[in-house]
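The values are calculated or read from the model by the stated rules, or taken from the named source; none is laboratory data. All of these numbers come straight from a predicted model, not from anything done at the bench. Don't worry about glycine lacking a Cβ; one is built from the backbone with ideal geometry, like all the others, and counts go over all protein chains shown.
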Amino acid sequence: MEAPLAPPTVLADEVVARWRAAFEPAADPERAGPMTAYMKGHFPFLGLTTPERRALARSAVAGLPGPEELDVTAVVVAAWALDAREYQYAAVDYTMRWVRRCSPDFLPVAERLISTKSWWDTVDLLAANVVGPLVAATPALRSDMDRWLVSDDLWLARSAILHQLKWKGDTDADWLFAACLARAADTDFFLRKAIGWALREYSKTDEAAVRRFVADHDAELSGLSKREALKWLDRRAARGEAAVDDEVEDSASGFRRLSPPPPDAVSA
């Protein structure tokens, strides 16, 4: 990474040291090769599965005090400086857990992480689970999302599009739709996919608005973005399920409760 965003802290040094002591003996070179290949060779891996890595990371830091914002920053900076991708994953999980202790001043840290050792595996988690909560807590940070959206760094632009992914009814739909149009002409796969994913998630809250937006901008949106945007709705329709708006209306009338949508495993 570039110059440290914060000095090391005693707690951060202990957290990362414990992760290293837990992860390295559990390394599996036979798994590491395919994992590196899956990430297009961008990063070396120790070969830890996600459940294994998370269990090791949790047990390693058990008993340590909760961090302050400077500790979280120092942890991610130290983890990003290590080679094995599992350390970045552990740092993202740690940040997601403690983001509520972070102020708006943490957004430049998130920006650095998104722009460094960038790939969808860390970027998407940071966008939805770190950047999103920070912007929700401090709406003035929306100006940073405006800046990211037009950035030449595709990962910052993708993060801006995805930062409202978990906002549901609190989503600023006007901003979302404008953001999708602002990058609709991009030919990059990851931006087109992000547009569709963000629209798909919002379709679980307002089906009519998303269907109308896709129809009104059919010529501007890529085929990939449109397919991704309507994927969840089209699957429901194929199963003969009621429209989302009908479910919401019925729930509000007391006829039946709105069941949660099935989990969507698509990440990239």
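Of the residues in the stretch 143-154, how many are of a type in the set (Phe, Trp, Tyr) and part of a loop (DSSP other than H, G, I, E, B)? Working first, answer last.
Filtering the stretch 143-154 down to residues of a type in the set (Phe, Trp, Tyr) leaves 148.
In the following step, the residues that additionally are part of a loop (DSSP other than H, G, I, E, B) were identified as none.
Of the residues in that region, 0 qualify.
If you scan the stretch 155-196, which residues turn out to be without any contact (Cβ under 8 Å) to a residue 40 or more places away in the chain, in contact with a Lys or Arg (Cβ under 9 Å, 6 or more places away or on another chain) and in a helix (DSSP H, G or I)?
Of everything in the stretch 155-196, those that are without any contact (Cβ under 8 Å) to a residue 40 or more places away in the chain, in contact with a Lys or Arg (Cβ under 9 Å, 6 or more places away or on another chain) and in a helix (DSSP H, G or I) turn out to be 157, 158, 160, 161, 168, 175, 191, 192, 194, 195, 196.
Given the conditions (1) surrounded by 18 or more Cβ atoms within 10 Å (Cβ to Cβ); (2) in contact with a Ser or Thr (Cβ under 9 Å, 6 or more places away or on another chain); (3) at pLDDT 95 or above, which single one is not true for residue 5?
Among (1) surrounded by 18 or more Cβ atoms within 10 Å (Cβ to Cβ); (2) in contact with a Ser or Thr (Cβ under 9 Å, 6 or more places away or on another chain); (3) at pLDDT 95 or above, the lone unmet condition for residue 5 is (3).
Condition check ((1) among the hydrophobic types (A, V, I, L, M, F, W, C); (2) crowded, with 22+ Cβ neighbours inside 10 Å; (3) at pLDDT below 95) across all residues:
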| site | (1), (2), (3) |
| --- | --- |
| 24 | no, no, no |
| 33 | no, no, no |
| 76 | yes, yes, no |
| 98 | yes, no, no |
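Is it the case that the stretch 115-133 has a residue that's within 18 Å of residue 166 (Cα to Cα), touching an Asp or Glu at 6+ places or on another chain (Cβ under 7 Å), in a helix (DSSP H, G or I) and among the aliphatic types (A, V, I, L, M)?
no
Among the residues of the stretch 147-177, write down those that are farther than 20 Å from residue 207 by Cβ and not hydrophobic (A, V, I, L, M, F, W, C).
Listed by number, the residues that qualify are 147, 151, 152, 153, 158, 159, 163.
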